[in-house]
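Trainee: Pasting a structure here, questions to come.
The values are calculated or read from the model by the stated rules, or taken from the named source; none is laboratory data. The model shown is predicted, which means the values in this text are computed figures rather than measured ones. A quick note on method: Cβ atoms are made from the backbone with ideal geometry, for glycine too, and the neighbour counts reach across all protein chains shown. In case anyone asks, the SASA skips ligands and DNA or RNA and just uses the protein heavy atoms, side chains included. Shrake-Rupley method; radii C 1.70, N 1.55, O 1.52, S 1.80 Å.
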Amino acid sequence: MKRIHYFLLTLVCLFTSSMAMADDVPIPVEKLPTEAKTFIKAHFADKSVLLATKDWDSYECHLDDGTKIDFNKKGVWQKVDCLMNAVPAALVPAQIAKYVTATFPNCTIIKIEKERYGWDIELSNDMELKFNKQGVLIGMDD
């Protein structure tokens with residue numbers, strides 16, 4: 001019976017410690033990878049970072065206008081969510097920008113995410129578009 005209790009206690013400890021490692025931990029902006037800091041300065045120079053957090057394999061930044069940026073562990077951006085503001089044009093591949101401008105002329109791209117298959121885009125009209133790596137539309141959801 002004691003062995004079962006020790007085994008269960010060990011499992012609980014392992015589970016608890018693994019969950020603690022998954023939590024985002026606030027960090028000073030200076031602790032962000034150089035590439036992440038360079039990205040923020042280049043594309044959001046007029047914004048301030050209110051909160052930067054580190055997970056075991058990623059970083060997340062919240063800017064003063066509500067923008068949220070996700071970076072991988074090397075500091076390469078993975079997702080930019082500007083709420084209702086337009087994503088900086090330099091982040092959008094030309095083929096995708098051309099398609100969105102032609103097909104949805106009254107909309108702006110407010111969220112862009114790099115995916116394994118290509119790109120996920122959200123427009124200001126809540127339409128979600130999926131593009132492959134070549135910038136060809138492969139799906140949409142409203």
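Trainee: Given the structure, is Lys41 on the phi < 0 side of the Ramachandran plot, open to solvent by 80 Å² or more (accessible area, probe 1.4 Å) and out of contact with any helix residue (DSSP H, G or I) (no Cβ under 9 Å at 6 or more places or on another chain)? Working first, answer last.
Mentor: Working: on the phi < 0 side of the Ramachandran plot: yes; open to solvent by 80 Å² or more (accessible area, probe 1.4 Å): yes; out of contact with any helix residue (DSSP H, G or I) (no Cβ under 9 Å at 6 or more places or on another chain): yes.
Answer is yes for this residue.
Trainee: Regarding Lys114, is this residue touching a residue at least 24 places away in the same chain (Cβ under 8 Å) and either among the basic types (Lys, Arg) or farther than 30 Å from Thr34 by Cβ (or both)? So that I can check it myself, show each step before the final result.
Mentor: Working: touching a residue at least 24 places away in the same chain (Cβ under 8 Å): yes; either among the basic types (Lys, Arg) or farther than 30 Å from Thr34 by Cβ (or both): yes.
Yes.
Trainee: If you don't mind, another one. Take segment 112-142 and flag every residue that is open to solvent by 60 Å² or more (accessible area, probe 1.4 Å), of a type outside the set (A, V, I, L, M, F, W, C) and over 17 Å from Phe71 (Cα atoms).
Mentor: Tyr117, Asn125, Asp126, Glu128, Lys130, Lys133, Gln134, Asp141, Asp142 - these are the residues of segment 112-142 that are open to solvent by 60 Å² or more (accessible area, probe 1.4 Å), of a type outside the set (A, V, I, L, M, F, W, C) and over 17 Å from Phe71 (Cα atoms).
Trainee: When you go through Lys47, Lys74 one by one, which is the residue that is over 25 Å from Thr101 (Cα atoms) and either in contact with a Leu (Cβ under 7 Å, 6 or more places away or on another chain) or not in a loop (DSSP other than H, G, I, E, B) (or both)? Walk me through it before giving the result.
Mentor: Working: Lys74 fails: either in contact with a Leu (Cβ under 7 Å, 6 or more places away or on another chain) or not in a loop (DSSP other than H, G, I, E, B) (or both).
The match here is Lys47.
Trainee: When the residues of segment 71-83 are narrowed to those that are surrounded by fewer than 18 Cβ atoms within 10 Å (Cβ to Cβ) and modelled with pLDDT of 95 or more, which ends up nearest to Leu123 (Cα to Cα)? Break it down stepwise before answering.
Mentor: Step one: filter segment 71-83 for residues surrounded by fewer than 18 Cβ atoms within 10 Å (Cβ to Cβ), giving 72-76, 78-79, 81, 83.
Still in the list and also modelled with pLDDT of 95 or more: 72-76, 78-79, 81.
Values: Asn72: 24, Lys73: 27, Lys74: 28, Gly75: 25, Val76: 23, Gln78: 17, Lys79: 14, Asp81: 11 Å.
Per the stated criteria, the residue is Asp81.
Trainee: When you scan segment 94-108, do you find a residue that is open to solvent by less than 40 Å² (accessible area, probe 1.4 Å) and under 16 Å from the mean Cα position of the chain (by Cα), even just one?
Mentor: Restricting attention to segment 94-108, the residues satisfying the condition of being open to solvent by less than 40 Å² (accessible area, probe 1.4 Å) are 96-97, 100, 104, 107.
Retained after the next criterion (residues that are under 16 Å from the mean Cα position of the chain (by Cα)): none.
No, that holds for no residue.
Trainee: Could you tell me which of the residues Ala20, Ala86, Ala52, Ala90 is part of a helix (DSSP H, G or I) and modelled with pLDDT of 95 or more?
Mentor: Numbers: Ala20 fails: modelled with pLDDT of 95 or more; Ala86 fails: part of a helix (DSSP H, G or I); Ala52 fails: part of a helix (DSSP H, G or I).
Checking each option against the conditions leaves just Ala90.
Trainee: Continuing with this model, one more query. Spot the failing condition for Ala97; the list is (1) out of contact with any Lys or Arg (no Cβ under 8 Å at 6 or more places or on another chain); (2) outside any helix (DSSP H, G or I), and only one is missed.
Mentor: (2)
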